[in-house]
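The values are calculated or read from the model by the stated rules, or taken from the named source; none is laboratory data. From a predicted model like this one, the values you see are computed outputs, not experimental measurements. Positions of Cβ are backbone-derived with ideal geometry, glycine not excepted, and every protein chain shown enters the neighbour counts.
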Amino acid sequence: MAAGLEAPWVVELSSQTTRCGFAHASHIDCMQEVATCSLPSHGSLVHSDRTLGSTDRVLDDIAATLERSGHEWQPRLTVVVPARCSQRMLRAISHVVLESGSVDKLLVLPSAACHAVGAGFQSCVVVDAGAGGTDVAGVLGSAVVAKDSTLHADFAGQQLTARVALLLKEITGSPVSDATAAECKHAFACFDGPHRPLEPDFFTLPDGAVLSSSDIGSRVQEEIGGAWTSVHKQVVSGVSSALARVPASDSSDRTTVLLTGGQSRIPNMPLRLAADLASLEDAGHLHIRRSATAERNGFLGAFFLSATSMYEKKLAMSKDLFEEEGDRHVRLFTGSVPEAFL
Ligand SMILES: Nc1ncnc2c1ncn2[C@@H]1O[C@H](COP(=O)(O)OP(=O)(O)OP(=O)(O)O)[C@@H](O)[C@H]1O
């Protein structure tokens, strides 16, 4: 952290879980995970302009949640959004935050760059398989290379959970909660491959009913395999175009493809991605890495990037400038952060 700077609050607007918190250089001091079941769907707000007018409601909800747990907004705030976030949405976020009275400086960072930095990479191709879909982006010097080089594919954890909920209802005859469906999905999720773990033999529903893995396990895996099959060509083409912008980054002349996001936990996913990428000309130079901190990388990376002196000097939008010149300076940071600042 640069001398004299207080750590900012970081709010990561994701499809299913909004993560917000305050971090120290050495550890996360408090990180609230605000699930959207008790809040409006933040992901759909940042993923689409249609509900633009609701941005203030989203941030108000987060502020209320923090206050309930005894915290207040800090004067510096970093908001993490998908790289495809529109200029209109960025302006809406800046108005809500900088007109709120409690925030003096705002930084808006693209999620892919934060995931890369959070996992320890300054340059790589990010494949972020999350609840709302799978995003691919090239990251160079801790910044997304270009907004138009990002890709969104429909391999979405929330949709898979909904499919598993339907399967469970079909088998048991009664509806189950999303939490139960997600638990069941996590128990059986797996791609084909040599390290396929043994399935659990049984899955127990909250009412005590026991389903055997033959009832539900293979059907969950079929759903996951089918969903990936329908998007894998798209993902390969996204990785291929990102690779054209991200030069080899390690001493052995290889480029890292970072698998991150909650769905990257699916067993054998790196093997499946490697098999799909094998058709690429650069396949021999790819290093596929799955991060152990999958769901937290975006938050962690945002904290690290915000904690540099670059934040203060070049990147953050100040309330004073906003009041003098309006929202025309608001932009998603896509420049390269010099190593000296990291
Ligand atoms: N072991 C697992 N197997 C299968 N899916 C998993 C596993 N662990 C987590 N997931 C899924 O990952 C998803 C959550 O991922 P993540 O937290 O990255 O999403 P998000 O950040 O809210 O969304 P997004 O990145 O799309 O905005 C959920 O759908 C969850 O069910």
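Taking first residues from the stretch 201-216 that are in the same structural domain as residue 182 (by TED's automatic domain parsing) and partners that are acidic (Asp, Glu), the Cβ contacts under 6 Å between residues at least 6 apart in sequence or on separate chains come to 213/199; 213/201. Residue 275 falls short on exactly one of the conditions (1) in contact with a Phe, Trp or Tyr (Cβ under 7 Å, 6 or more places away or on another chain); (2) without any contact (Cβ under 8 Å) to a residue 12 or more places away in the chain, and that condition is (1).
The residues listed here are 238, 262, 225; of these, the one that is touching a residue at least 24 places away in the same chain (Cβ under 8 Å), within 16 Å of the ligand (Cβ to nearest atom) and in contact with a helix residue (DSSP H, G or I) (Cβ under 6 Å, 6 or more places away or on another chain) is 262.
Suppose we filter the stretch 175-191 for residues that are assigned to a loop (DSSP other than H, G, I, E, B), more than 16 Å from residue 213 (Cα to Cα) and not aliphatic (A, V, I, L, M); how many remain? Of the residues in the stretch 175-191, 2 are assigned to a loop (DSSP other than H, G, I, E, B), more than 16 Å from residue 213 (Cα to Cα) and not aliphatic (A, V, I, L, M). Within the stretch 239-265, the residues that satisfy the criterion of being at pLDDT below 90 and more than 13 Å from residue 145 (Cα to Cα) are 248, 249, 250, 251, 252, 253, 254.
Going through (1) surrounded by fewer than 15 Cβ atoms within 10 Å (Cβ to Cβ); (2) over 25 Å from residue 257 (Cα atoms) one by one, residue 230 falls short only on (2).
For (1) outside the structural domain of residue 122 (by TED's automatic domain parsing); (2) in a helix (DSSP H, G or I); (3) of a type in the set (A, V, I, L, M); (4) within 16 Å of the ligand (Cβ to nearest atom), each residue gets a yes or a no:
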position: 256; (1), (2), (3), (4): no, no, no, no
position: 267; (1), (2), (3), (4): no, no, no, yes
position: 270; (1), (2), (3), (4): no, yes, no, yes
position: 274; (1), (2), (3), (4): no, yes, yes, no
position: 279; (1), (2), (3), (4): no, no, no, no
position: 322; (1), (2), (3), (4): yes, yes, no, no
